[in-house]
Amino acid sequence: MQQPKIKIEYHRPLSGAFSQEISMLSIVTNYVNEALEELHHVRWPTRQQAIRLSIIVIIFCAITSMVFGIVDFGLSRIVKILLSLTF
C-alpha cells in the first residue's frame, strides 16, 4: 500500500481588492481536487455487498422503529393512566 503524497505549497499573500475572493477560490478548488483524488483511493463495495448491506440497514431501521413505537405506545398509556388518577 502506497503512502499518500503530502504536498505543501506556500503562496505569497495577494494584495488588492480581490485577494480574499481569489484566496477563497483557491482554497475551495484545492479542497475539491484533494477530495476527488481521495475518492480514487476508496475501495468501493461490490454490487452484492451493497445490496446485502442495504437490506441489513433496512431491516435494522424497521426493527428499531417498531421497538420505539411500542415503547412510545406503552409510555403514552402509562401517562394516560396516571393523568386519569389525578383528575
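For the range 19-86, dividing the convex hull volume of the Cα atoms by the residue count gives 143 Å³ per residue. Label-to-label distance for V57 and N33 is 3.2 nm, based on points extended 7 Å past Cα in the beta-carbon direction.
No value in this document is a laboratory result; all are computed from the given coordinates. All figures in this text were calculated on a predicted structure; none of them were measured in a lab. When we count neighbours, we look across all protein chains shown, and the Cβ atoms used for this are built from the backbone with ideal geometry, even at glycine.
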